[in-house]
Structures are given as C-alpha cells and as structure tokens.
Amino acid sequence: MKIRVKLRGTLPHKFPEYDHQQGLDIDIADEASVQDLLNHLQLTDSDKCAIAIDGRIAKAEQKLKGLTSVNIFQIAHGG
Amino acid sequence: MKFLKVDMSQKTVTLEDVKSDYAGLGGRGLTSTMINAEVPAECDPLGPDNKLIFAPGILSGTSAVNTSRISIGAKSPLTGGIKESNVGGTVATALGRLGIAAIIVDGQAAANELFLLKIDRSGEASLVPGDEYKGMRTYALVEKLLSTYGEKNGVLCIGPAGEFQLGSASIQASDVDGRPCRAAGRGGMGAVMGAKGLKAIVVELGAKNSEALTDPEAFKTASKAIVKAIKENPFTGQILPSAGTAALLGMVNGLGAFPTRNATAGQFEGADNISGEKLAEVITERGGKTTHVGCTQCIVKCSNEYVDKNGKFVTSSLEYETLWSMGGMLGIDDLDAIATLDFLADDIGLDSINAGVALGVAMDAGHKKFGDSQAAIDMMEEIAKGSEFGKILGNGPEAVGKHFNHHRVPAVKGQSIAAYDPRGMQGNGVTFATSPMGADHTAGNLVGEYLTGALNPLEAEGQIEASRNAQIAMAALDCTGFCLLAEPALAAPGATEAFIELLNAKLGTQMGIEDYTNMGIQTLKAEKEFNRKAGLTTKDDRLPKFFYEEALSPHNKVFSIKDEDLDSIFDF
Ligand code: SF4
C-alpha cells in the first residue's frame, strides 16, 4: 500500500530530498506495522520517534492498514 | 552571599548578609520561603507590604552551563496567592557573580515617582530617578538604558502594562544581544514592580565570580558530565537547537490537545502553517536564525530570531506557547501576525500567554471574529494605550470574561492555562488546577510522558501521581537556576547524580537525591501555606466548569479527575 509520511522535528534532516509540503510517499506491505514503517525508514530508538494515529500515540505493533498518511514526531518535552 | 534590600518608601539600598534561615536557598526556594515568612498573606499585592524578590538560582553565577535563570516572586495580583515566575537572560549570572542571593524590593514609591535600580560590577547599588523613562515600551527603554550605561549591562524592566499595574504585566529580561525579549510573564510580577515605582533594574555584567566553590574539582567533573548529557540527548542536543520549543506544536496538535479558538476544539486546521517545521522553514528562507542563544552560558540554544520578508528583525524568540496563545487560541495561522503579536507582548511588557488568552475570550464572547489578526493587534495596542477596555484586556481572561459576562474562561486562580488542553492531557489539567501558582505549564508539564507512551493522556489513571512528581521536580529545579528546557537531559544515567554533585560542590553539602527532592517538597509546602493564609481553598484548585462539561474534539473527552483526588495531591 502507499502511505504518505510527514516527518517532524529533526527527522527531515535524514532525508535530503524531503519536501515539507509533500512529505514522503512510501510503498509498504499491506500488513505493515508502525515498527515496520520505522525500520523501512531506518529510524532507530536513538531517533526517539513517536507516531500518532487517530490522535493517540501508536504502539510499535499497531498495523497501518487503512491509513493514507502518518506523522512521525520526535519526542519532545515542555518548557 | 548577600541580600540587596531596596526600600522604595525610604529610597534606601542596603547590602546585608544572608540570614541563617535562608542559607543554602536559591531561586524559587528562596522567594517562596521568604514570601511565606515575611509577606503578610492578606496584604494588597500592589501595596507597600508586598515584597518583590529577585533570586538567582543556587548555581547561577557559577561556570555550569544553562544556569542563568532568575526567580521573581511576590504575592500575585493576578492569582491572589504566591507567585514565582522565572526567566533567563543575563541578570541571574551577573547577580550570582556579585554574590547577591536576592534583591528584595519592599515599600512603595509615591504615585507618579519612578526609579531605576543600578548595580555596577563592584556590587555598588543605587536608586536613580527614572522619570524620563515613564511610559516607555521595553525595546526603546532598553536601547536607551544600554546607550546610557553601556552595552555590557543586563536589564530587567517593565513596559506600559507594568506601569498600569495590569494583571498580565510581565517583567522583561534582556537577552545576550541586549533585547528585552525574555519574559517573566506569569502572575503579574510586572504589575508589582510598577506598583513599587521601579521601572528597571540595570546590572553591569562581567563581575568576576566572588563566591568560592566548596569543591572546585568535583564541580568541574560534574559540569563536564552535564555538558555531555545535554549534547547527547536528542531533545536538548538536536531538537531544541533546530526547532526550539515550537517543535511541540505538531505533536500536541496531533494528539488532539491543542486548545483551539478559546479551547473549543483540540486540533487546529491551520497547525501546519504555524508548526515548528514551518517556522524553521520561513526563518531559514528569510535569513533569520533558527538557532540562537537567549541566555548566558546556554549550550542548548532553543531561541530563534524571526525576521520579516525583507530580513528585518521582528521578534525573538517565537516559542510554542505564544504560537498557541496568539495563534491557535485565536484561530490565527499567519506566522507574520503571530510574530508581531509576540513582539508587542514583549514591547508592552505583557505575558503573551495571559494576554493571548484574554484576546481569545474576547473573540469567543463575540467581540471580534476568530482569525482576525488585525483585531488582535489592535487589542494589544489598546492595552498599551491604557484605555478603559485596554485595562480590562490587560488584566487577563477573567477580567474579560466578567466584562462580557462570558463563562468560557480557561483560567485557574485567575491565570490562564497554557498550550495543553486539560481534556486532551488530563495530567496537565491536574497541574493547572493544583499548582500553587495558578494554571502554569512550567509547574509540572507531562507532555514528555504522553509522547513516550509512558502515560495515557486521556485516562484519569496515573495522572495525579505523575503531576505530583513533576510538580515536586520542577519546584526543586526552580531553586537551582538550571533551565527547565535542559532538564530532560538529566534523565541520562548518572546525570541527576552529577547535577546534585554540582549543588554539593557549590554549597559544601552532602545532599542525595532524597534531599534534592525534599527541596521541592519544602518549597511547595511554603507556597501552599501562604495560599491558605491568603484565603485560597480547595475550591480554587479546580478547573473552570466548561472543562468538565464540554467534550473536546477529536477525542470527545471532558476533564475527568475527581475533586477528592485533586485534593489529595499534596498529602505530604
Ligand atoms: S535553552 Fe533556551 S531558555 Fe534555556 S537557557 Fe538556553 S536559550 Fe535560555
């Protein structure tokens, strides 16, 4: 399936071709999970990523099926 | 260490040794302990009996990084309770180096009298008549002060809002570039300064450190560990330097907790136009600065410089809270307009959070339309003029709610909430409700817990405990002068121990983590005690009714923490 990924924080720096308006268009297996998507993008624990799906922080094993786009954030703290 | 005591009634300035009761205290621990002990709790916050205390943190003035915060405390004219508002810039370090543990401003000048407090690098201090500065906005004021006294001075000052003694009046601090763009915004501390008749404190920078460390070697080792932790932490080492606090906007909006149009929705459709990523893109395109040092000895560099289409400076630093209060809360998704509103808040000397929310309540009441940025700018100018309606706006959201007889006022103890809707982030609602400071995100913000998935923001479970722990941790941190934005780095293995080692090496103490935590608990206890004496009760520890009654989209949740649980939070 095709999914559009918007990257936040410093994550776009990892993808030189990244376009803020468009995001990244990814082709990924229909059964892919959140963790599969992170692996596909080679994002690791040290990138401190969080994915929000339907306004909730998604678990690593959560499936992406049915989604057309996701936002990947970096964990931040308040000031 | 010394106290610099300023009596505005007698126009005297004296230097005294720190009394043993206050030895080892700094920042919020010192302001709150002293206010609780010495300020009559039922006094008029704008009268002569209130004390306005400026206390650098315990570590301010040492060589440790990110230790340039100063706590400003008094009885608040906004909340009617105790207040500590802290700010960076350059003055905390300068005072720490002079061995000044606090400036304590007491008494009151006659109406229409205005003074500056000038402190030179040898520690000599005097009150100087300041009539010529009457009515000045902060940018012009600081420019004039620096041209009179020299560029190498740090300034804490008020603008017209402080002189009008408005509930949203801030005390502005000059940053390392000499711009009055950093704010001790919350609680109306600027109004207290205005009521005292003090327009500015001007402190010469560059005094050599007068306070010997008890253990310089241990201090050096611990300092290095802190630098390493800050640099290696992705938030303090990468995210803040490149996107600043604005990085939070997309995330909080994504989680449906971004209070939009006076908290009538949890997601703003214009969020992408004002997000941290968009902000960085616009600043970069126009040749501004996405990374900028705001405060002395900072290695995080969360600040930015926003410029207009011609590359001309507009404001610094455009931060998450203001992108919300002057943006999403007003339905405005135009960065240029928000930057102008941020500049006006700094220039007039207003808390951009409380002022923005006041404008939001006015819009919600139908006074102007949401999204009308010109109307927002006009309302800010109305405050600066000191017109009847301007004073209502400048006194904050509750005053505006009363004026329009409008009940949707997102404030606790008179102070507006910050950029996290309590229905979408229940634990932040607990902090807003129960903090002795009134609704204040810096008192115990749980957004990091929610983003890591450690806590479900929408369920009641675990919120009281998490807020309690965060409030204690913040109260302790606010004693030290260490910037709360650098604090997440202390989660690295050994970093908290190194941080406590810094305190021990400075003070000659043997504190452990428990003693450090206890510093936070004792501070909160003093604050709660003062508020109780001032007449605040558990009824004041509640969110406004509409948070319990109106469900917030997209999660359709109300605030669901029980009153008895709120009342148990400080059972220690
Ligand atoms: S991180 Fe930001 S607020 Fe903290 S000391 Fe640095 S510039 Fe100041």
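The values are calculated or read from the model by the stated rules, or taken from the named source; none is laboratory data. Quantities reported herein were computed from a predicted structural model and do not represent experimental measurements. All Cβ positions, even for glycine, are placed from backbone atoms using ideal geometry, and neighbour counts span all protein chains on display. When the accessible area is computed, the model is the full protein with side chains, heavy atoms only, and any ligands, DNA or RNA have been set aside. Shrake-Rupley method; radii C 1.70, N 1.55, O 1.52, S 1.80 Å.
Odds and ends about this structure:
- Exactly one residue out of B:S76, B:S60 is open to solvent by less than 10 Å² (accessible area, probe 1.4 Å) and within 20 Å of B:K525 (Cβ to Cβ): that is B:S76.
- Per-region count, segment B:158-181, residues of a type in the set (A, V, I, L, M) and part of a loop (DSSP other than H, G, I, E, B): 3
- Counted residues, segment B:236-252 - those being within 12 Å of the ligand (Cβ to nearest atom) and open to solvent by 10 Å² or more (accessible area, probe 1.4 Å): 3
- Of the residues making up segment B:7-51, those that are under 30 Å from B:T517 (Cα atoms), outside any strand (DSSP E or B) and open to solvent by 50 Å² or more (accessible area, probe 1.4 Å) are B:K19, B:S20, B:D21, B:A23, B:L25, B:A37, B:E38, B:P40, B:E42.
- Residues in segment B:207-235 that are modelled with pLDDT under 95 and within 13 Å of the ligand (Cβ to nearest atom): B:N233, B:F235.
- The set of residues from segment B:212-252 being in a loop (DSSP other than H, G, I, E, B) and either more than 10 Å from chain A (Cβ to nearest Cβ) or of a type in the set (S, T, Y) (or both) comprises B:A212, B:L213, B:T214, B:D215.
- Conditions (1) open to solvent by less than 20 Å² (accessible area, probe 1.4 Å); (2) more than 16 Å from the ligand (Cβ to nearest atom): number failed by A:G78: (2)
- Residue list for segment B:166-199, restricted to those being open to solvent by less than 10 Å² (accessible area, probe 1.4 Å) and at positive phi: B:G187, B:G188, B:G197
- Whichever residue in segment B:425-455 is buried (at least 24 other Cβ atoms within 10 Å of the Cβ) and of a type in the set (V, I, T) and, among such residues, is nearest to the other protein chains (Cβ to nearest Cβ): B:V447
- Taken over segment B:283-300, the criterion of being buried (at least 21 other Cβ atoms within 10 Å of the Cβ) and either of a type in the set (A, V, I, L, M) or within 13 Å of chain A (Cβ to nearest Cβ) (or both) is satisfied by B:I283, B:T290, B:G294, B:C295, B:C298, B:V300.
- Check on A:I26, at pLDDT 90 or above and among the β-branched types (V, I, T): yes
- Residues being loosely packed, with under 14 Cβ neighbours inside 10 Å and either more than 11 Å from every other protein chain (Cβ to nearest Cβ) or in a helix (DSSP H, G or I) (or both) - total across segment A:45-64: 3
- Residue within segment A:11-34 that is at the interface with chain B (Cβ under 10 Å from one of its Cβ atoms) and among the basic types (K, R) present: no
- Each residue in segment B:469-486 was checked for being of a type outside the set (A, V, I, L, M, F, W, C) and either within 12 Å of the ligand (Cβ to nearest atom) or modelled with pLDDT under 95 (or both), and 1 pass.
- Total residues in segment B:73-90 satisfying the condition of being within 15 Å of the ligand (Cβ to nearest atom) and under 21 Å from B:M474 (Cβ atoms): the figure is 5.
- When the test is whether a residue is in a strand (DSSP E or B) and more than 23 Å from B:A111 (Cα to Cα), B:V203 passes it.
- In segment B:253-281, the qualifying residues are those that are within 9 Å of another protein chain (Cβ to nearest Cβ), open to solvent by less than 20 Å² (accessible area, probe 1.4 Å) and part of a helix (DSSP H, G or I), and the one that is farthest from the ligand (Cβ to nearest atom) is B:G254.
- Answer from B:T291, B:T315, B:T245 - the residue that is in the same structural domain as B:G394 (by TED's automatic domain parsing), at pLDDT below 95, closer than 26 Å to B:N86 by Cα and β-branched (V, I, T): B:T291
- Considering B:F572, B:F547, B:F499, the condition of being out of contact with any strand residue (DSSP E or B) (no Cβ under 7 Å at 6 or more places or on another chain) and part of a loop (DSSP other than H, G, I, E, B) is satisfied by B:F572 alone.
- Among all residues of segment B:322-335, there is none that is of a type outside the set (D, E), within 14 Å of chain A (Cβ to nearest Cβ) and in contact with a strand residue (DSSP E or B) (Cβ under 6 Å, 6 or more places away or on another chain).
- Segment B:290-300, residues that are within 12 Å of the ligand (Cβ to nearest atom) and free of Cβ contacts under 8 Å to residues at least 60 places away in the same chain: B:T291, B:H292
- Residues that are assigned to a loop (DSSP other than H, G, I, E, B), of a type in the set (A, V, I, L, M), out of contact with any His (no Cβ under 8 Å at 6 or more places or on another chain) and within 13 Å of chain A (Cβ to nearest Cβ) do not occur anywhere in segment B:456-475.
- Residues that are in a loop (DSSP other than H, G, I, E, B) and away from the ligand (no atom under 16 Å from the Cβ) within segment B:301-318 comprise B:D308, B:K309, B:N310, B:G311, B:K312, listed in sequence order.
- Residue match in segment B:319-338 (condition: open to solvent by 30 Å² or more (accessible area, probe 1.4 Å) and in a strand (DSSP E or B)): no
Each row is one residue, and each column tells you yes or no for (1) away from the ligand (no atom under 16 Å from the Cβ); (2) open to solvent by less than 10 Å² (accessible area, probe 1.4 Å).
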position: B:T93; (1), (2): no, yes
position: B:R97; (1), (2): yes, no
position: B:K118; (1), (2): yes, no
position: B:K134; (1), (2): yes, no
position: B:L145; (1), (2): yes, yes
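- Yes/no for B:E381 being within 14 Å of chain A (Cβ to nearest Cβ) and away from the ligand (no atom under 16 Å from the Cβ): no
- Per-region count, segment B:282-300, residues under 27 Å from A:Q22 (Cα atoms) and in a loop (DSSP other than H, G, I, E, B): 2
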